[in-house]
Structures are given as C-alpha cells and as structure tokens.
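**Q** Have a look at the structure that comes next, please.
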Amino acid sequence: MSEASGPDAVIAGYRRLRSLAAEMLALANEADWDALIERQQGYLEQMDRLKALDAACELPAGHAAIKAELLEAILADDLVIRRQLMARRDELGLLIDRSRRQRDLQRTYGRQGTSPGDGFGQGSP
C-alpha cells in the first residue's frame with residue numbers, strides 16, 4: 001500500500017479536516033458568513049477525498065483511536081457552527097419579516113396619505 005493511501009494518509013486527512021472545521025468555527029464566531037461559505041467548499045472537497053481514502057484502508061487500533069478523537073472534535077465544531085448558522089438564519093428571518101411589515105405599512109398608509117380624495121382639505125376654499 002502506498003504512503004498516499006495508507007493509515008498515515010488517512011490520519012493526515014482527518015487532521016486537515018479538523019483544521020478546516022476549526023477555521024470554519026472561527027469564521028462563524030466572527031460572524032464572517034461569506035468567508036465561512038467559501039471555506040465550506042474546501043471542507044466538502046476534503047470530506048469527499050477522505051471518504052474514498054478511508055474506505056480503501058483499514059486502520060490499525062492506534063490510528064483508529066486517533067481518528068475517533070479527531071472525529072469527535074470535528075463533530076463538536078460542526079455542532080457549534082450549525083447552531084450559529086441556525087441563529088443567523090432566525091435573525092435574517094426576523095429582518096425579512098420586519099422589512100415586509102414596513103413595506104406593507106408603507107403601501108397601506110403611504111397611499112392613504114397621498115390619495116386626492118382622502119378627506120383632508122375638502123370643503124375649504
């Protein structure tokens with residue numbers, strides 16, 4: 001088995017994935033959503049490479065334990081990122097709702113104040 005596809009390569013792949021997850025968590029903590037989305041593409045590509053690499057290699061017990069620790073850390077970061085993204089989604093939903101209400105109010109009361117037959121000034125010379 002070559003070095004690029006052996007147990008060490010699998011662990012190196014999980015370490016890279018862990019590093020990317022930590023970078024994404026830092027971006028989420030900074031509320032840098034655009035950079036987070038950009039970084040996500042590299043994360044997904046690394047996951048795809050790692051899936052193929054991992055499937056082609058059986059890990060010895062020591063490597064499997066390292067993989068398990070890395071996976072736990074990756075999943076913990078992923079959970080925090082997902083919670084922050086859900087909070088951001090909820091925040092954006094509130095902003096959209098507020099904008100819609102303001103638009104609806106403007107449409108309703110904006111027309112009312114500018115209509116020629118609104119009752120103001122009628123009967124005045």
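The values are calculated or read from the model by the stated rules, or taken from the named source; none is laboratory data. Note that the structure is a prediction, hence the values are computed from the model and not measured. Glycine gets a Cβ as well: all are built from the backbone with ideal geometry, and neighbour counts include every protein chain shown. To get the accessible areas, we keep the full protein, side chains included, count just its heavy atoms, and leave off ligands, DNA and RNA. Shrake-Rupley method; radii C 1.70, N 1.55, O 1.52, S 1.80 Å.
**Q** By how many nm would the segment from residue 91 to residue 56 grow when fully extended, if each residue of separation counts as 0.36 nm and the alpha-carbon distance is taken off?
**A** The residue 91-residue 56 span can extend by a further 8.3 nm.
**Q** Another one. Taking a virtual spin label 7 Å from the Cα of residue 99 along the C-beta vector, which residues in segment 71-88 bring their backbone nitrogen under 20 Å of it?
**A** 85-88, by backbone N distance to the label point.
**Q** Additional query: Round to a whole number: what % of the accessible area of the chain belongs to carbon and sulfur, probe 1.4 Å?
**A** Here carbon and sulfur together make up 55 percent of the probe-accessible area.
**Q** While we're here: Would you kindly state how much longer the chain becomes between residue 109 and residue 64 on full extension, computed as 0.36 nm times their sequence separation minus their alpha carbon distance, in nm to one decimal?
**A** 9.6 nm
**Q** From the list (i) 107; (ii) 123; (iii) 135, can you say which value of volume of the Cα convex hull per residue in Å³ was derived from the structure given?
**A** So the structure-derived entry is (ii).
**Q** Give the calculated FRET efficiency between residue 30 and residue 78 to the nearest 0.05, with a Förster radius of 22 Å applied to their Cβ-Cβ distance.
**A** 0.80
**Q** Sticking with this one: Just to be sure I understand: with springs between alpha-carbon atoms less than 10 Å apart, which residue in 98, 107, 82 has the highest mean-square fluctuation in the Gaussian network model of the chain?
**A** Highest fluctuation of the listed residues: 107.
**Q** Can you give the accessible area per residue of the chain, in Å², using a 1.4 Å probe?
**A** On a per-residue basis, the chain sits at 72 Å².
**Q** Return the distance in nm (one decimal) between the two label points of a simple spin-label model at residue 71 and residue 49, each offset 7 Å from Cα along Cα→Cβ.
**A** 2.1 nm
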